[in-house]
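Structure first, then comments.
The values are calculated or read from the model by the stated rules, or taken from the named source; none is laboratory data. Note that the structure is predicted; figures quoted are calculated from it, not measured. When we count neighbours, we look across all protein chains shown, and the Cβ atoms used for this are built from the backbone with ideal geometry, even at glycine. Surface accessibility is based on the protein's heavy atoms, side chains included, excluding ligands, DNA and RNA. Shrake-Rupley method; radii C 1.70, N 1.55, O 1.52, S 1.80 Å.
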Amino acid sequence: KAPPDKLSMDEFLVDALKGSVIFGEPRNLACLAKTWKGGGLNSKVHPQETDENEGVLLIEKLKAVDYEYREDIHWTKSQGLLGTGSFGEVYKMEDKETGFQCAAKKMRIEHFRAEELTTCTGLMHANVLPLYGAVKEGLWVTIFMKLMEGGSLGQLLKQCGYLPEDRALDYLGQTLKGLEYLHTHNVLHGDVKADNVLLSGDGNHAVLCDFGHAAHLYPDEMGNYLMTGDYVPGTETHLAPEVVMGKRCDAKADVWSSCCMMLHLLNGCHPWVQYYNHPLCLKIAKEPPPLREIPSSCHPSTAHIIRSGLEKEPAKRASAAELRKWGDDLLVGMGIVGGLKSPWRGEYREPR
Ligand SMILES: CN1C=C[C@@](O)(C#Cc2ccnc(-n3nc(C(N)=O)c4cc(F)ccc43)c2)C1=O
């Protein structure tokens, strides 16, 4: 290891942060998270230090005490399980000192990918779930985030079958706004689907969550921003052709997934599964896009948006920004400016 005066700023920061929980900056958390990858140093070198507690809290309502933030001592899970994300369970939690409530995703360190934090630290957008901090306690990593009382779009679909077109268009539009922001910050979400879109208590505000499959996008010699590193593929039914073919992919992979999600919202079932058996990867690579699953009752412009996002060639596929713009114009065209016509938890609709 380089002598202290030769450490980079980040290495210096991490050295100072190891073994403590502090109130700090997103950048501090990103640096520390990189040392948690692969089970962290201590789990191998010093197995006895498996209750070491370190991390960075990003909001003042989560209060570390004497550089510690431990479950059941400083914070506690309240009520039941909210959901299960990629490799983790999500709970409602409460800070014991402030009484502040938020959500917490807890996972074993072997399942933790530093990208889950390095991709979302420092990002702030109305349609991206805010990060409140993260701590490691022994061999567990817990990530804190804003509580979304409306639950996930996946849960909404289970309750009401499929969504009316105006609601589906509005949720797709909000998801595309979040994707547009991530893509301009060279982040690929990697697992866009209804389970990873969360809703406010009144169902009107949607945010993208779960960066467990996210990846940083880097420019190649041609200036295309491509994904590198160990991408863990997302949900099979929503994977883009270039992903199943193992090609290096770019932000357009998220656009394909967002339109697979739109088919799920409109039909109440995932694309492909009604026509093909597993493994679906071969079909996604070989077959034409699932355009026959676009409901015939859809507005022609809604069908156009989905077709443009389901182009098999990434270069020909629309970007998140283009689809979002068409979606906005369509909602205006449909006369939906002030508010949506259909209730957000309407009557049950038998999946098509
Ligand atoms: C910013 N950030 C930090 C961690 C993160 O990668 C995640 C996640 C994740 C995965 C699955 N599910 C939920 N999930 N969260 C909530 C909530 N916040 O209220 C929730 C509520 C549910 F009813 C069901 C699943 C839920 C959250 C991420 O994005």
What do you reckon, is residue 154 more than 10 Å from the ligand (Cβ to nearest atom), of a type outside the set (A, V, I, L, M, F, W, C), touching a helix residue (DSSP H, G or I) at 6+ places or on another chain (Cβ under 9 Å) and not in a strand (DSSP E or B)? no
When residues of the range 57-81 are limited to those that are hydrophobic (A, V, I, L, M, F, W, C) and in a strand (DSSP E or B), the one farthest from the ligand (Cβ to nearest atom): 65
Residue 95 - would you say it is within 24 Å of residue 56 (Cβ to Cβ), away from the ligand (no atom under 14 Å from the Cβ) and either open to solvent by 10 Å² or more (accessible area, probe 1.4 Å) or modelled with pLDDT of 95 or more (or both)? yes
Which listed residue, of 119, 84, is open to solvent by 40 Å² or more (accessible area, probe 1.4 Å) and near the ligand (Cβ under 10 Å from one of its atoms): 84
Quick test for you: out of 212, 178, pick the one residue that is in contact (Cβ under 8 Å) with a residue 12 or more places away in the chain, within 18 Å of residue 121 (Cα to Cα) and in contact with a His (Cβ under 7 Å, 6 or more places away or on another chain). 178
Can you name the helices (runs of 4 or more DSSP H) wholly within the range 246-352 that have at least 3 residues being of a type in the set (Gly, Ala, Ser)? 252-267, 300-309, 320-333
Is the range 173-183 home to any residue that is away from the ligand (no atom under 12 Å from the Cβ), among the small types (Gly, Ala, Ser) and under 22 Å from residue 237 (Cα atoms)? yes
Out of all the residues in the range 208-223, is one or more in a helix (DSSP H, G or I), open to solvent by less than 20 Å² (accessible area, probe 1.4 Å), out of contact with any Asp or Glu (no Cβ under 8 Å at 6 or more places or on another chain) and within 15 Å of the ligand (Cβ to nearest atom)? no
Looking at the structure I just gave you, is residue 159 of a type outside the set (A, V, I, L, M), within 10 Å of the ligand (Cβ to nearest atom), in a helix (DSSP H, G or I) and open to solvent by 30 Å² or more (accessible area, probe 1.4 Å)? no
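To keep it simple, each residue is scored yes or no on (1) open to solvent by 20 Å² or more (accessible area, probe 1.4 Å); (2) over 16 Å from residue 21 (Cβ atoms); (3) within 12 Å of the ligand (Cβ to nearest atom).
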| residue | (1), (2), (3) |
| --- | --- |
| 91 | yes, yes, yes |
| 108 | yes, yes, no |
| 128 | no, yes, yes |
| 137 | yes, no, no |
| 145 | yes, yes, yes |
| 150 | no, yes, yes |
| 168 | no, yes, no |
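Residues checked against (1) of a type outside the set (Phe, Trp, Tyr); (2) open to solvent by 70 Å² or more (accessible area, probe 1.4 Å); (3) within 14 Å of residue 133 (Cα to Cα); (4) modelled with pLDDT under 90:
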site: 14; (1), (2), (3), (4): yes, no, no, yes
site: 21; (1), (2), (3), (4): yes, no, yes, no
site: 28; (1), (2), (3), (4): yes, no, yes, no
site: 34; (1), (2), (3), (4): yes, yes, no, no
site: 39; (1), (2), (3), (4): yes, no, no, yes
site: 47; (1), (2), (3), (4): yes, yes, no, yes
site: 66; (1), (2), (3), (4): yes, yes, no, no
site: 69; (1), (2), (3), (4): no, no, yes, no
If the requirement is being under 16 Å from residue 240 (Cα atoms) and in contact (Cβ under 8 Å) with a residue 24 or more places away in the chain, which of these qualifies: 307, 317? 317
Just the residues that are farther than 20 Å from residue 351 by Cα, open to solvent by less than 60 Å² (accessible area, probe 1.4 Å) and of a type outside the set (D, E, K, R), please, taken from the range 258-305. 280, 281, 284, 285, 289, 301, 305
